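The values are calculated or read from the model by the stated rules, or taken from the named source; none is laboratory data. As the structure is a prediction and not an experimental result, all values here were calculated from the model. Heads up, the Cβs are rebuilt from the backbone with ideal geometry, glycines too, and the neighbour counts pull from every protein chain shown.
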Amino acid sequence: MRKTVFLLAAFFFLITVTAYSQPVNKFAKKGQWEIGGTIGFVSTTPVTNGNTDDSWSIFNFSPSVSYFVTDGFEIGGMIDFQSIKPSGGSSTTIYTLYAVPTYNINTDSYFYPYLQAQLGYNGYSNGESRSGIAWSLGGGVKANFVTNGLLKFGINYTQQTLNKSGDTERDGFNIFSVVLGAGVFF
């Protein structure tokens, strides 16, 4: 037990020393690539007048890749997968393909605030096909504590349109989300 505690303490000490020995201001440079993503899970059980209804869960996975065309400004792509499963029902997967321009602000520190837009196309098929335009605006901060690694924290507002063919009114989702993610750059 003591050996395990000692090894864990040594590991965290080395990570801390390595993190603070890294040079500042090395991220968001022209010609760099950034690869990362986010992952999330939500489980909800509605209750009405003391009675529990069927629960449902949402699993979200969003890998991304981008390239810095100038210092601070990157253009990339992202694929967003949402799997929605009601208890006792069949799951539905919503996919969205986004173009993602992002501006990262150099603060001469380990932290890079960012502003991001996403514009894309989404759809799903679960007995009937639905599709439409999706867009999102967001911002947050990326932290570069370890050599070429990033941690990301942000907030997003997303609007997804999922209309059947021939619909004249919008169907879809308006989503506010808190985003936690990780990535690497090279």
- Got at least one residue in segment 104-125 being at pLDDT 90 or above, hydrophobic (A, V, I, L, M, F, W, C) and not in a strand (DSSP E or B)? yes
- Task: Would you point out which residue out of Leu151, Leu137, Leu97 is closer than 17 Å to Phe73 by Cβ and either part of a strand (DSSP E or B) or in contact with a strand residue (DSSP E or B) (Cβ under 9 Å, 6 or more places away or on another chain) (or both)?
- Result: Leu137
- Message: I'm trying to understand the selection: among the residues of segment 80-116, which are without any contact (Cβ under 8 Å) to a residue 60 or more places away in the chain and closer than 14 Å to Gln160 by Cα?
- Response: Asp80, Phe81, Gln82, Thr93, Tyr95, Leu97, Tyr98
- When only residues in segment 46-88 that are of a type in the set (D, E, K, R) and not in a strand (DSSP E or B) count, which is nearest to the chain's Cα centre (by Cα)? Asp71
- Cross-chain or 6+ apart pairs with Cβ under 6 Å, segment 50-61 first and exposed (fewer than 14 other Cβ atoms within 10 Å of the Cβ), then at pLDDT below 90 and in a loop (DSSP other than H, G, I, E, B): Thr52/Thr45; Asp53/Pro46; Asp54/Ser87; Ser55/Thr45; Ser55/Ser87
- What is the one condition in (1) under 18 Å from Ser83 (Cα atoms); (2) in a loop (DSSP other than H, G, I, E, B) that Thr158 does not satisfy? (2)
- Note on the structure: Checked Leu115, Leu137, Leu150 against criteria (over 24 Å from Thr93 (Cα atoms), among the hydrophobic types (A, V, I, L, M, F, W, C) and surrounded by fewer than 17 Cβ atoms within 10 Å (Cβ to Cβ)); the one match is Leu115
- Is it true that Ile94 is within 26 Å of Ile133 (Cβ to Cβ), surrounded by fewer than 14 Cβ atoms within 10 Å (Cβ to Cβ) and modelled with pLDDT under 95? no
- How many residues does segment 88-107 contain that are over 17 Å from Ser62 (Cβ atoms) and aromatic (Phe, Trp, Tyr)? 1
- Item | Among (1) under 20 Å from Gly183 (Cα atoms); (2) modelled with pLDDT of 95 or more - the single one Ile133 does not satisfy | (1)
- Task: Tell me, yes or no, whether segment 6-28 has at least one residue that is among the polar types (S, T, N, Q) and either at pLDDT 90 or above or at positive phi (or both).
- Result: yes
